[in-house]
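Structure first, then comments.
The values are calculated or read from the model by the stated rules, or taken from the named source; none is laboratory data. Just so it is clear, the model here is predicted, and its values are computed rather than measured. Positions of Cβ are backbone-derived with ideal geometry, glycine not excepted, and every protein chain shown enters the neighbour counts.
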């Protein structure tokens with residue numbers, strides 16, 4: 001089957017006025033939903049499914065609606081990260097690191113524009129990748145077995161250490177605490193509940209949303225109270241964009257991060273979160289010459305945004321070609337597809353080409369709509385910061401409670417969120433970074449499962465972890481990263497020692 | 001000093017964590033079992049705790065006086081909200097919480113009440129009506 | 001706020017009137033806000049059951065409002081079970097998807113309470129257990145595979161979408177038992193848990209696991225594409241259509257039937273009237289061409305059991321699974 005005519009057909013489908021309208025609605029709703037902390041694409045899709053049915057949309061239109069909500073909420077997810085330091089979803093955690101400092105410097109509008117542009121870049125690149133490579137890539141991804149995934153997650157955990165600035169021991173503590181929190185709940189391999197103390201609320205593990213919103217939003221509130229001790233807190237200046245749009249594109253950064261993000265997205269299960277912070281870590285290694293990352297460097301916003309949207313596109317590859325969801329959101333889309341009588345799997349491209357190519361074309365269209373939609377919205381969203389803090393902060397707390405409440409509708413979760421808020425406050429006071437905690441929670445379960453699977457297959461022989469060239473290669477890269485970090489650290493120590501002696 | 005205390009707590013926690021994990025066992029099929037991964041995490045956590053005891057960072061500046069009190073009061077309000085949301089209903093509980101918090105941040109009472117009303121009604125409209133996420137209506141409105 | 005309360009009451013009132021006007025209580029399926037709980041994350045089998053049946057109910061006008069599907073994952077259905085038995089015991093809006101997988105959990109006492117805590121509505125179809133290998137595998141028949149296990153229980157890496165002792169694992173152990181493998185050796189099998197049949201099969205294609213035991217529906221596409229071979233189906237007779245050439249386990253001399261049926265339960269204190277209305281509604285779905293088509297597409301065999309017959313079936317099955325789990329040593 002030739003790609004060009006198929007894609008042309010796809011565009012003919014996607015460009016029908018009805019489908020364009022549907023894409024526009026989906027993008028808008030998605031952006032708004034993504035912007036609310038804790039409310040994600042799941043809710044967006046749940047809201048729109050009845051609409052899709054009552055309008056009697058064709059399967060293609062319904063699919064376009066879903067994907068545009070999916071992409072839209074990826075775009076919207078970073079708005080809360082940048083403006084309020086609350087990650088709206090797990091892949092927006094890393095955006096907080098440089099996005100929020102930018103907003104504090106009065107460059108909120110810039111940061112939002114950067115995130116929109118690089119998201120567009122990442123999303124489009126991934127769609128191109130999906131168009132050209134989907135079937136062959138899917139077959140490559142199956143070579144990633146438990147050993148290889150484990151090697152990948154080890155690398156990811158090590159890289160976490162490089163993301164945060166400050167005391168490396170405390171960064172490690174934070175990452176380990178995250179992994180520890182991730183072990184709460186039923187052990188998927190054996191069905192045995194761990195660290196649940198008989199509470200059914202804990203059986204499914206502690207939801208990421210609860211931890212992230214507690215750690216970030218509630219602790220932010222407590223910190224704010226304290227800041228007033230040293231005099232009135234300055235209102236964040238809200239400006240328009242300070243620079244031309246052209247100067248807010250970071251092509252090299254976006255390209256690097258998108259490629260990495262796409263590859264990670266194609267691996268089932270690795271997902272957008274891993275991609276976003278690997279993208280950030282890569283960019284920090286490559287470009288952080290003047291130690292500006294973590295203090296509001298625009299490239300620190302561009303990189304995770306591009307990577308995370310590229311991964312979102314990439315994760316559609318295993319979903320469509322293997323029927324294996326690459327992330328929570330694609331799992332929902334998979335369920336929807338099945339409801340619409342579309343059976344993803346190895347035969348989808350042959351059996352239902354109209355739907356596949358219509359979908360691919362819709363991805364291009366959604367990306368463009370989102371860019372057009374988001375650039376003007378940037379100023380409006382940034383205006384949020386001009387609300388006086390004594391109204392804004394309690395409002396943020398309310399929305400945070402609602403985001404958590406929407407997960408399971410129980411007060412146990414709300415209490416946990418407050419608990420994590422106090423915990424997060426203490427961590428921040430002790431300068432233990434929060435981002436590694438959250439990443440540890442996200443990566444913990446897949447890391448443990450891949451390790452256990454590898455060892456179950458080998459009957460407990462640990463050497464199996466190194467008996468695959470791919471895994472060995474990944475471990476080698478990890479070793480190099482560690483070696484470079486140690487070298488740099490010791491050189492810095494020597495430099496500092498010399499400086500003190502000189503002074 | 002704070003770092004040292006945290007270090008000791010971390011080391012103790014790691015010990016307990018490992019001990020608790022040891023009680024999870026299956027007798028077949030899984031060579032490593034559910035205890036393996038937690039037991040892998042505990043030693044580095046404990047060692048890092050001891051490291052903090054030996055090489056602590058400079059003391060952070062802790063909150064004091066009326067700001068500490070204000071923080072404690074905030075936490076109490078938040079816990080109360082978590083417990084009262086379902087029985088009292090969203091509108092009423094949120095009105096109370098936001099009014100309290102806004103007042104604590106230095107607004108006058110009428111302003112705080114206004115903020116509380118606006119926030120609770122606005123959030124209710126957004127979540128319950130537009131997004132279709134059902135919020136607890138509570139006693140005041142008969143469910 | 002008054003407006004919302006008013007709106008809800010109005011809606012409820014109108015539905016009530018509609019029910020009166022029809023004057024046949026059996027036609028009102030459930031309460032005003034029909035809700036199907038899928039005790040899994042979206043995309044799984046229970047989610048599929050809820051969404052398909054919910055869609056058909058709306059198409060067939062069994063319900064007046066769209067059926068809202070809520071995902072309540074957790075502990076293979078235990079969280080949803082706890083929620084329903086604890087808080088929504090008499091909620092006539094509610095029906096919950098379940099299957100043999102859930103019953104296995106009840107049998108192994110992993111749910112809060114036994115089968116009598118809820119009312120079992122009906123089953124609408126069953127998925128078939130299959131044993132799968134890669135198309136180029138050394139195993140051509142179930143016999144080949146089980147012989148290899150018999151001579152060395154650790155020589156084959158097996159996997160599926162359930163945890164240790166879950167239904168995918170249990171079915172494999174049943175087969176092995178029929179092949180005459182000693183209980184002590186069953187414990188030595190290497191079993192890898194995956195999050196679903198799809199991931200398990202893709203990992204098998206990559207060579208990371210050799211034999212997969214799971215349900216047919218989720219992975220039917222791989223069979224049709226010729227990438228994997230089915231060593232045997234655990235059905236009573238051969239399947240229809242494109243799967244007709246696959247031998248059953250029974251005809252290969254291993255008499256094991258491992259059907260994963262799909263059905264629903266509701267709260268234990270739902271009144272007889274509502275219970276009967278729900279069963280009647282489900283029956284209309286079962287009788288529709290839409291369900292036949294959906295079942296065929298997803299590899300389910302339509303099977304109907306309802307009411308007291310279904311409750312007896314469930315109770316028997318739990319007893320059976322429980323004694324088996326004790327025999328193998330999964331529970332004491």
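General remarks:
- Of the candidates C:172, C:149, the single residue that is outside the structural domain of residue C:301 (by TED's automatic domain parsing), assigned to a helix (DSSP H, G or I) and in contact with a strand residue (DSSP E or B) (Cβ under 6 Å, 6 or more places away or on another chain) is C:172.
- Selection within the stretch A:466-501 - away from every other protein chain (no Cβ under 12 Å) and under 16 Å from residue A:144 (Cα atoms): A:466, A:467, A:469, A:472, A:473, A:474, A:475
- Residues of the stretch C:66-81 that are surrounded by 18 or more Cβ atoms within 10 Å (Cβ to Cβ), at the interface with chain A (Cβ under 9 Å from one of its Cβ atoms) and more than 19 Å from the chain's Cα centre (by Cα): C:68 alone.
- Residue match in the stretch C:207-225 (condition: part of a loop (DSSP other than H, G, I, E, B), without any contact (Cβ under 8 Å) to a residue 60 or more places away in the chain and in contact with a strand residue (DSSP E or B) (Cβ under 6 Å, 6 or more places away or on another chain)): yes
- All conditions in (1) touching a strand residue (DSSP E or B) at 6+ places or on another chain (Cβ under 9 Å); (2) within 9 Å of chain B (Cβ to nearest Cβ); (3) buried (at least 22 other Cβ atoms within 10 Å of the Cβ) hold for residue A:455, with the sole exception of (1).
- Failed condition for residue C:57, given (1) more than 13 Å from the chain's Cα centre (by Cα); (2) at pLDDT below 80: (2)
- Only one of the numbered conditions (1) without any contact (Cβ under 8 Å) to a residue 60 or more places away in the chain; (2) surrounded by 24 or more Cβ atoms within 10 Å (Cβ to Cβ); (3) within 9 Å of chain A (Cβ to nearest Cβ); (4) touching a strand residue (DSSP E or B) at 6+ places or on another chain (Cβ under 9 Å) is violated by residue C:157, and that is (2).
- Selection count where residues are at the interface with chain B (Cβ under 10 Å from one of its Cβ atoms) and within 21 Å of the chain's Cα centre (by Cα), scope the stretch A:425-452: 6
- Test result for residue C:194, under 30 Å from residue C:273 (Cβ atoms) and free of Cβ contacts under 8 Å to residues at least 40 places away in the same chain: no
- When C:264, C:243, C:222 are screened for being surrounded by fewer than 21 Cβ atoms within 10 Å (Cβ to Cβ) and more than 27 Å from residue C:150 (Cα to Cα), only C:243 passes.
- Considering A:90, A:73, A:119, the condition of being at pLDDT 85 or above and crowded, with 23+ Cβ neighbours inside 10 Å is satisfied by A:119 alone.
- Residue match in the stretch C:116-127 (condition: more than 18 Å from residue C:53 (Cα to Cα) and in a helix (DSSP H, G or I)): yes
- Among the residues making up the stretch A:353-372, those that are surrounded by fewer than 19 Cβ atoms within 10 Å (Cβ to Cβ) and at pLDDT below 85 are A:353, A:354.
- Qualifying residue in the stretch B:10-25 (condition: within 17 Å of residue A:390 (Cβ to Cβ), in contact with a helix residue (DSSP H, G or I) (Cβ under 9 Å, 6 or more places away or on another chain) and in contact (Cβ under 8 Å) with a residue 12 or more places away in the chain): no
- Boolean, residue A:136 is closer than 30 Å to residue A:5 by Cβ and surrounded by fewer than 20 Cβ atoms within 10 Å (Cβ to Cβ): yes
- Restricting A:45, A:33 to residues that are modelled with pLDDT under 85, within 14 Å of chain C (Cβ to nearest Cβ) and either under 22 Å from the mean Cα position of the chain (by Cα) or surrounded by fewer than 18 Cβ atoms within 10 Å (Cβ to Cβ) (or both) narrows the list to A:45.
- Residue list for the stretch A:467-503, restricted to those being under 30 Å from the mean Cα position of the chain (by Cα) and not in a helix (DSSP H, G or I): A:468
- Hey, residue C:141 outside the structural domain of residue C:307 (by TED's automatic domain parsing) and closer than 16 Å to residue A:453 by Cα or not: no
- Restricting C:115, C:63, C:101, C:84 to residues that are in contact with a helix residue (DSSP H, G or I) (Cβ under 6 Å, 6 or more places away or on another chain), buried (at least 21 other Cβ atoms within 10 Å of the Cβ) and either over 28 Å from residue C:220 (Cβ atoms) or assigned by TED's automatic domain parsing to the domain that holds residue C:290 (or both) narrows the list to C:101.
- Qualifying residue in the stretch C:256-279 (condition: within 14 Å of chain A (Cβ to nearest Cβ) and assigned to a helix (DSSP H, G or I)): no
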